[in-house]
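The values are calculated or read from the model by the stated rules, or taken from the named source; none is laboratory data. The structure presented is a predicted model; accordingly, all values stated were derived computationally and were not measured. All Cβ positions, even for glycine, are placed from backbone atoms using ideal geometry, and neighbour counts span all protein chains on display.
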Amino acid sequence: DGGITQSPKYLFRKEGQNVTLSCEQNLNHDAMYWYRQDPGQGLRLIYYSQIVNDFQKGDIAEGYSVSREKKESFPLTVTSAQKNPTAFYLCASSPRLAASTDTQYFGPGTRLTVL
Amino acid sequence: AQSVAQPEDQVNVAEGNPLTVKCTYSVSGNPYLFWYVQYPNRGLQFLLKYITGDNLVKGSYGFEAEFNKSQTSFHLKKPSALVSDSALYFCAVRGSSSNTGKLIFGQGTTLQVKP
């Protein structure tokens, strides 16, 4: 899991609540990513960011929001608009966004369950 | 469209036997290929990647992968499986023309190594 931390490890949310998942990295990487993992579906990209104060939607951004106020931090908010938020959420980082050869490194994940 | 296929949901091998986890891909430009491993309720750990050069890539924990351009494949291999290799394995690809850093993941293959 390297220098990427995610908290909390487990999170329970009631219907209609917004929740924020934390992701911090000390690798001095420019690029950060959020993925959602569902059983049998692999990983799907929610948002990504290549620099402070800049981020882009991924394939399944609806119902999610992010911020990138600091290079080390890329929190993800799961809003009440996300209809099926129960999933395992993974944060990743890589040295540079546009460098296709760079490896992405992943955090340990947060498991979100909607009650 | 870029895609990755892992044709087997599960691979079962006996400890000490060789293992192969299959991956095929479709991508624009030159492919950059990655293998990751995931243990239960953990993040993804990077195993190895192919960027260019020798078609046989060696990675962590004794794993290796063979790039075959004509068959658009990047199968993961290990000469002698360990029970501790039992996990979920993901193949991922990024095309050389990508400027978003986006990785395309396969749906994952569960490797079960039996004593």
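Within segment A:41-56, the set of residues being surrounded by 14 or more Cβ atoms within 10 Å (Cβ to Cβ) and part of a strand (DSSP E or B) comprises A:L43, A:R44, A:L45, A:I46, A:Y47, A:Y48, A:S49, A:Q50, A:F55, A:Q56. On the stretch given as segment B:73-106, residues that are buried (at least 17 other Cβ atoms within 10 Å of the Cβ) and among the polar types (S, T, N, Q) total 3. Tallying residues that are more than 14 Å from the chain's Cα centre (by Cα) and either within 16 Å of B:N30 (Cα to Cα) or buried (at least 17 other Cβ atoms within 10 Å of the Cβ) (or both) within segment B:40-54 yields 5. Consider segment B:12-36 and keep the residues that are closer than 18 Å to A:S100 by Cα and of a type in the set (S, T, Y). The one that is surrounded by the fewest Cβ atoms within 10 Å (Cβ to Cβ) is B:S28.
For segment A:71-101, filtering for residues that are in a loop (DSSP other than H, G, I, E, B), at pLDDT 95 or above and within 14 Å of chain B (Cβ to nearest Cβ) leaves 1.
Based on this model, can you work out whether A:I60 counts as within 14 Å of another protein chain (Cβ to nearest Cβ), more than 15 Å from A:K14 (Cα to Cα) and surrounded by fewer than 14 Cβ atoms within 10 Å (Cβ to Cβ)? Against the criterion (within 14 Å of another protein chain (Cβ to nearest Cβ), more than 15 Å from A:K14 (Cα to Cα) and surrounded by fewer than 14 Cβ atoms within 10 Å (Cβ to Cβ)), A:I60 does not qualify. Of all residues in segment B:88-112, those satisfying the criterion of being within 14 Å of chain A (Cβ to nearest Cβ), assigned to a strand (DSSP E or B) and not charged (D, E, K, R) are B:L88, B:Y89, B:F90, B:C91, B:A92, B:V93, B:G95, B:I104, B:F105, B:T109, B:T110. Select from segment A:1-27 the residues that are of a type in the set (D, E) and away from chain B (no Cβ under 12 Å) and write down the one among them that is surrounded by the most Cβ atoms within 10 Å (Cβ to Cβ). For segment A:1-27, the residue satisfying everything is A:E24.
Annotation: of all residues in segment A:106-115 being assigned to a strand (DSSP E or B) and under 16 Å from A:G42 (Cα atoms), the one that is farthest from the chain's Cα centre (by Cα) is A:R111.
Here A:D38 passes the criteria (1) buried (at least 17 other Cβ atoms within 10 Å of the Cβ); (2) within 12 Å of chain B (Cβ to nearest Cβ); (3) among the acidic types (D, E) except the one numbered (1).
Please determine whether any residue of segment B:45-57 is more than 14 Å from B:H75 (Cα to Cα), out of contact with any Asp or Glu (no Cβ under 6 Å at 6 or more places or on another chain), part of a strand (DSSP E or B) and within 11 Å of chain A (Cβ to nearest Cβ). Checking segment B:45-57: at least one residue is more than 14 Å from B:H75 (Cα to Cα), out of contact with any Asp or Glu (no Cβ under 6 Å at 6 or more places or on another chain), part of a strand (DSSP E or B) and within 11 Å of chain A (Cβ to nearest Cβ).
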